[in-house]
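Undergrad: Starting off with a structure, shown below.
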Amino acid sequence: MGATFARCHKILAADSDPNVQKELAAGLEAFLADLGFHTVQDFSVRAAAVIDFLPEVWRAAETIMASNPEITGRSM
């Protein structure tokens, strides 16, 4: 839902009247604030945290795959 909300605002930024954009900006800003994004730097910090977390995700995926060798990812 959040991605769709952000996409709608991207479309509005490209195609809507500036007054409409201004009127709706507060909703997007509140949504982003709820997610912890208050400044542009917050996006960079979050992106770095996600990248730093990827090795842990990979280890978990490897463990799951090793524990389930019958799952090959191929359709039957």
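Undergrad: Any chance segment 42-64 includes a residue that's exposed (fewer than 10 other Cβ atoms within 10 Å of the Cβ) and modelled with pLDDT under 95?
TA: Among the residues of segment 42-64, not one is exposed (fewer than 10 other Cβ atoms within 10 Å of the Cβ) and modelled with pLDDT under 95, which makes the answer no.
Undergrad: Can I ask one more? Take THR72 and decide whether it is free of Cβ contacts under 8 Å to residues at least 24 places away in the same chain, open to solvent by 70 Å² or more (accessible area, probe 1.4 Å) and not in a helix (DSSP H, G or I). I'd like the intermediate steps shown before the answer.
TA: Values: free of Cβ contacts under 8 Å to residues at least 24 places away in the same chain: yes; open to solvent by 70 Å² or more (accessible area, probe 1.4 Å): yes; not in a helix (DSSP H, G or I): yes.
It is true that THR72 is free of Cβ contacts under 8 Å to residues at least 24 places away in the same chain, open to solvent by 70 Å² or more (accessible area, probe 1.4 Å) and not in a helix (DSSP H, G or I).
Undergrad: For PHE53, are the conditions met, namely being within 23 Å of the chain's Cα centre (by Cα) and assigned to a helix (DSSP H, G or I)? Break it down stepwise before answering.
TA: On the way: within 23 Å of the chain's Cα centre (by Cα): yes; assigned to a helix (DSSP H, G or I): yes.
Yes, satisfied.
Undergrad: How many residues does segment 5-37 contain that are in a helix (DSSP H, G or I) and under 23 Å from ALA48 (Cα atoms)?
TA: Initial filter on segment 5-37 (in a helix (DSSP H, G or I)): 5-15, 18-34.
Of the ones still in play, those that are also under 23 Å from ALA48 (Cα atoms) are 6-7, 28-34.
Qualifying residue count for the region: 9.
Undergrad: Condition first: within 20 Å of MET1 (Cβ to Cβ) and open to solvent by 80 Å² or more (accessible area, probe 1.4 Å). Now tell me which residues in segment 12-34 satisfy that.
TA: Of all residues in segment 12-34, those within 20 Å of MET1 (Cβ to Cβ) come to 12-13, 24-34.
Across segment 12-34, the qualifying residues are GLU29, ASP34.
The values are calculated or read from the model by the stated rules, or taken from the named source; none is laboratory data. Keep in mind it's a predicted model, so treat the numbers as computed, not measured. Because the Cβ atoms are built from the backbone with ideal geometry, glycine has one as well, and the counts that use them run over all protein chains shown. Only protein heavy atoms, including side chains, enter the accessible area calculation; ligands, DNA and RNA are left aside. Shrake-Rupley method; radii C 1.70, N 1.55, O 1.52, S 1.80 Å.
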